[in-house]
Each structure stands twice: as structure tokens, then as C-alpha cells.
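See below for the structure under consideration.
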Number of protein chains: 2
Amino acid sequence: MLDPRRVVLFRSVVRAGSISAAARDLGWTQPAVSQHLQALERSAGCRLLERGPGGVVPTEAGRLLLARADTIAGELHLAEEELAAVAQLRRGRVRLAAYPSAAATVVPRAISLLQTRHPELDVELTEAEPPEATEELRAGAVDLALVFDYADDAVDPLPGVVRVPLGEEPVDLVLPAERAAGLGRRPRLAALADDPWIVGCVRCRAHAVRRCAEAGFEPRVRHVSDDYVVVQQLVALGLGVSLLPRTALEAYRHPEVVVVSGAAYGTRRRALLHRTAADGVPAVRALAEALAVSG
Amino acid sequence: MLDPRRVVLFRSVVRAGSISAAARDLGWTQPAVSQHLQALERSAGCRLLERGPGGVVPTEAGRLLLARADTIAGELHLAEEELAAVAQLRRGRVRLAAYPSAAATVVPRAISLLQTRHPELDVELTEAEPPEATEELRAGAVDLALVFDYADDAVDPLPGVVRVPLGEEPVDLVLPAERAAGLGRRPRLAALADDPWIVGCVRCRAHAVRRCAEAGFEPRVRHVSDDYVVVQQLVALGLGVSLLPRTALEAYRHPEVVVVSGAAYGTRRRALLHRTAADGVPAVRALAEALAVSG
DNA sequence: GTCGGCCATAAGCTGAGCTGATAGTGCGGG
DNA sequence: CCCGCACTATCAGCTCAGCTTATGGCCGAC
């Protein structure tokens, strides 16, 4: 009864945010998309989109349909990958979401490794923080999500999603050179109780606060930026101290900051998420392996 | 790339067993279906069906696609149900698979109960033994599966499938009247070690053999029929003794057989299976409730 | 007010995809 | 053995689903 093509079209429209935008994405004209949606709403028996200037927003019914449409689109994508593999064409396309510092370090290594092993495999990279990456995975917008969490704040995966641990990395203390001079080789966090702090994304901020709380104080957060280049610039200018995961320091290291490692600064865990439904897809497995090796 | 309509059509063809049969089901002509399949194979890049004179059989690639197509069709069906519910039309359609003796007793009660509560709800009943019913559920051909297993031979549900226990029913001993006369009020199974036995489906047979083994003998199986009417006819003619679950005796009771109950004869467990994906669908929930009440 | 985004509607044209006819092929029965 | 009967592919032709272009209305920003 519901035309499945129109269901996936509906999904494109919601994701694009407007009928016109979806039409542009698809290389169609706006009325074509508009007519399909009307036909879909007619066969659904109820309105699926609230039209407004500025775009469209799904109604209650639309949100229900969207969830179904997500898994339909996901299955279609997986089917294409499987068939491409069977057809020996290996013209696979894998979509990966990764957090910024990994996108700058592990991911490029993995992609170049993959290119030598499977030259005809296309990787599509989206930069996204773990919560967004997980959501995109669930919605079938990506096949793999490279995420992190902190050892003291583990996050449970969603049902239907498999979590493969990829190892841990230490979190390091980052100090202005002149500030480091006044401290020992391995300063205790408590010594920095009165310094201004610079923190990153919501979860990194929570981690920093927990570590400091354990050392007996609440940090004065002066600056917030989840860009590790910005954070190091601020530190280098003496504007505060910060905690940064090793990968971020590998991706970019400001020459004038001092980096100190120590167990008290915490540990971050890297993990790779994929839908159970995508278990057997060769292109996905190949990228997952390359990431595991490069990690 | 793959047209989802054609993917669903492909599924219909495999389920129908031939291109012509699928065309008849859909009210189309055979060339129309044939052309769509060719287009699908073209965009898949490989052959999906082995064509033969007796119909078609999916290739390796076809089987992969079929699995994806099953979940796509299932999601589409669920989406339709959800939307129908939202549209307040309540013109729901629920597909139920049930084993024969339940189909004759609990199910009609549940359906008539449902008709009074939700007159616009259509129930589509398929008779199927538990293994087939489970498979049909997995493949999205039905929404609910009413199954049984024996307490001493529990079956684990598949992933993605929820099992709701619906209670237990005793298994009774069924004897010819003249045979019963020579035994006590509650005969021990061992007393029937030399009688010919009549058993039903594979799993019921296994259960009978286990009960007898516990009583110290291996039954001589003379007749096999999973039709409880046939079994009782055979017993009434004095051709053997049998074990039948209470529901089967409720559905049909031959006037000339003697029925004895006793713990040693075993217990059968009824359960209702549904896909987790169908959790929230109102039509499915309504039938599930009606079955639970009628059970 | 004007402009620039959004949406819907109308009318017209074109090709995707239907039908009907035909031919090829393997299997079972007289 | 050959005929009948299933099945499938292929061809040609027509029709309408669904595209396009054109237009108008609505709302918010400037």
C-alpha cells in the first residue's frame, strides 16, 4: 500500500529539512518531490509533515514513519553493499563517523591502508562527536562510528548496535611553559586548584571536573572549546591549563606548551560501533579491520 | 540505486515460487514482473534468480537480498499499521500464525473478543507448527506467532523476537475404553510399555519418547499423525494409546476414548512471539492482549 | 515595501512500465 | 515419441504516472 520509494523519499526530505532542499539533493525539481509527498500522505491517511516557511518538520505520524524509513534505507544500503561484493566489483562505499581528533590521526592512516588493500573502496567520512555519531549510526546515515568515552563514565551502546573496543589512550595535562616551571616533574592536580581551566566538549568537561573533584577541588572553567588546536593556543598564551587526550596531542602539538602524563589525569577509551545488521558486509568489515590495525 | 519497490517485488516472487505466480498474486501480467526483475538484476550487477521450468530459486546473491527484503517488507507493514492507528481509522490488519489445536480453540475465542472490542480490525490466521511459525515471524510474513514447547525441551527465541509466556497446559493420556478398563484410575506409563503408541508432530513425538524413557521403556510407535482428530479415531478403534495436550482434547473429544490426567504425562507451555520491532503497533498489541485473556 | 526563501497548484509532455502476442525450453503423460 | 503444459524471455505498442515549466501565495528578514 505504501510505496517504499516514497517512504525513502520522505526520509530524504526530513533529513534535508525542506522539500526544496531534498529536491536539490536528488537532482529533481521541487514540485516533483512535493507531489510524491502528497501521494504518500494520501495513502498514509494522515499528514506527515508540518509545512512552514523555513522548511518542514515531521508530525507525530511522520516521526513514526521516519523511524521505519531509517531502517528501510539502512537495509537497502546494506543490500547494495552485499550485492556489490558478490558481484566481485568491490565498488563498496562505507560511511564512517569519527570524532575530530581521531579524524585527524587514526582515520587517515586507516583510509590510506584501506586504499592499498582495496583500491575500489570509497570511504565517506563525517566528523561527529560520539553522541551525534551514535545517533547517525542508529539512523542508518553511517555504517561505522568511531567514538570514545571515559573509563570513569562508561556509555552503554544502543540495542542493535555492537561495540568493539579499540584500546585506551591516556589523558595528558597541558600547561603553559612558564607555569610548568614552578611545578615538579609530575604535578598533582591539586596544585592547579587555583588556575583557570580550559575544557572541551560536554563529556570532556565532565571528565575534567571529575578528575579535579577527586583531587579535592572544583576547577574554575575560564574557556570552553572542543577544538584541540584552539585549546593549545590558549594554553600557550598562558590563559589556563587543560587536559587533552593523547590523540589530540598527536594530531597537533603546539611547540610552546608543556605536556605531562600521569595516571591521575584519566584514560579515554576508543571504540568502534556498528549495527548488528551490518555484521557480514565486506566493505564495512574491511574498514573496521583497517581502523583496528591503525588504532 | 536499488529501487525498493523492485526489492519488495523480488521478495514476492521468491515467496510465490515463480514469476508467473507472483504476477497472478499481484494482479499483473507475467512480462511486467519479468521486466522488473531484469531491471533489478541489472542494477544489482549479478543474477538473483535461477530460472527453471518449475519456477525460480534464489541464487546466493538472491538469498542475501531476500533477507534484507524481508526486513524491509516487515518495516513497511509495521509503518502502515502505525499510521493507520494514528489516522484513527483502526483499519488494522494483524497476521497470526498458530498451531492447529490452538487455532481451533483459543484463537477463535480471541478473535471474536477482538471483534467486539475493535470491529475494524482484521485478523489473518495461518496454521503452522511452532518451527514454521517462528520462521514466518522472522521473515515478517506474520506479526504474531502462537507457539508451544514442552517444559522438558525449552526452545530459545531468536534474537529480535520477544517471547511472552501464556501459561501451561497438562498433557493427558488417551486410551481406548476397553484398554482403560484393565488399568487403575491413574495408570503409570510403565504399564503401557507393550502397547502400540500413536504420536504426533516431531516435537510431540520426542516428548512422548522422553516421558516413556523416564518410565523405563521405549515406546513402540505404530502410527504417526499430528491431527488430533485422527489420533483419537485411531485410539477409539483400539489401535494404540497416545498422549495429547489438553487443548487438543478441548478442540475435539472423541466420545469413546478415555482421557486420564497426571503429572507424569508432562506439561506443554504456550507462548506468544512477536518481533521487538513490532512492540508498539496497536493492532498487534490488541490481538496479543485478546490472546492472553482468552488463553 | 521589496526581496528571497518556502510551499502548492496547474498544465503539458515524455518515457517508464504496463499489456498482449509470440517464441523458446524442460518436464510428464498418452 | 511427440504432444501438452507449465515456465520464462522478448518484442512492439500504448497509456498514464510522474516529470517539468510556469505561476501564485505565504511568511520572515532587511
I'd like the Karplus ³J(HN,Hα) series for region A:237-244: coefficients 6.51, -1.76, 1.60, θ = phi - 60°, whole numbers in Hz, and an x wherever there's a Gly or Pro. 7, x, 8, x, 10, 8, 10, 10
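Looking at region A:121-251 from every direction and averaging, what is the projected area of its Cα convex hull in nm²? Don't skip to the answer; put the middle values down first.
On the way: hull surface 37.6 nm².
Quarter of the Cα hull surface area: 9.4 nm².
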To the nearest 10 degrees, the tilt of helix A:60-86 (Cα long axis) against the first principal axis of the alpha carbons of chain A is 90 degrees
Residue-normalised 222 nm signal for chain B, counting each DSSP H run of n ≥ 4 as -39,500 (n - 2.57), nearest 500 deg cm²/dmol, is -14000 deg cm²/dmol
How would you classify region B:164-231 from its alpha-carbon gyration tensor, with a ≥ b ≥ c the square roots of the eigenvalues: rounded for a/c under 1.5, else prolate if a/b is greater than b/c, otherwise oblate? rounded
Could you list which residues have their amide H under 5 Å from that of B:ARG93, counting only those 5 or more apart in sequence or on another chain, with H placed in the peptide plane? B:ASP122
Under the rule rounded for a/c under 1.5, else prolate if a/b exceeds b/c, else oblate, using alpha carbon gyration tensor axes a ≥ b ≥ c, region A:115-160 is classed as prolate
Per-residue HN-Hα couplings for region A:255-264 [Karplus 6.51, -1.76, 1.60; θ = phi - 60°; Hz; x = Gly/Pro]: x, 9, 9, 9, 10, 10, 9, x, 4, 5
Hey, what do the phi angles of region B:107-119 turn into as Karplus ³J(HN,Hα) couplings, whole Hz, using 6.51/-1.76/1.60 and θ = phi - 60°, x for Gly and Pro? 4, x, 4, 5, 5, 5, 4, 5, 4, 6, 6, 10, x
Any residue on another chain or 5+ positions along whose placed amide H is under 5 Å from the amide H of A:THR126 is listed here as A:LEU96, A:ALA97, A:ALA98
Taking amide H atoms as placed 1.01 Å from N in the peptide plane, list the residues 5 or more away in sequence, or in a different chain, whose amide H sits under 5 Å from that of B:VAL241. B:TRP197, B:ILE198
The Kirkwood hydrodynamic radius of chain B, taken as the inverse of the mean 1/r over all distinct Cα pairs, in Å, comes to 21.6 Å
Highest-first arrangement of B:167-179, A:31-43, where packing means the average Cβ count within 10 Å: B:167-179, A:31-43
Sorted from shortest, what are the nm distances separating the label point of A:PRO53 from equivalent points in the other copies, each placed 7 Å from Cα along Cα to C-beta? 7.1
Column: log10 I(q)/I(0), Debye, Cα scatterers of the protein assembly as shown, q = 0.11 Å⁻¹: -1.10
Could you rank the peptides A:154-166, A:275-287 by their average count of other C-beta atoms within 10 Å per residue, with the highest value first? A:275-287, A:154-166
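Taken together, the values in this text are just the output of simple stated rules run on the coordinates, not laboratory data. As the structure is a prediction and not an experimental result, all values here were calculated from the model. Quick reminder, even Gly has a Cβ in these numbers, built from the backbone with ideal geometry, and neighbours come from all protein chains shown.
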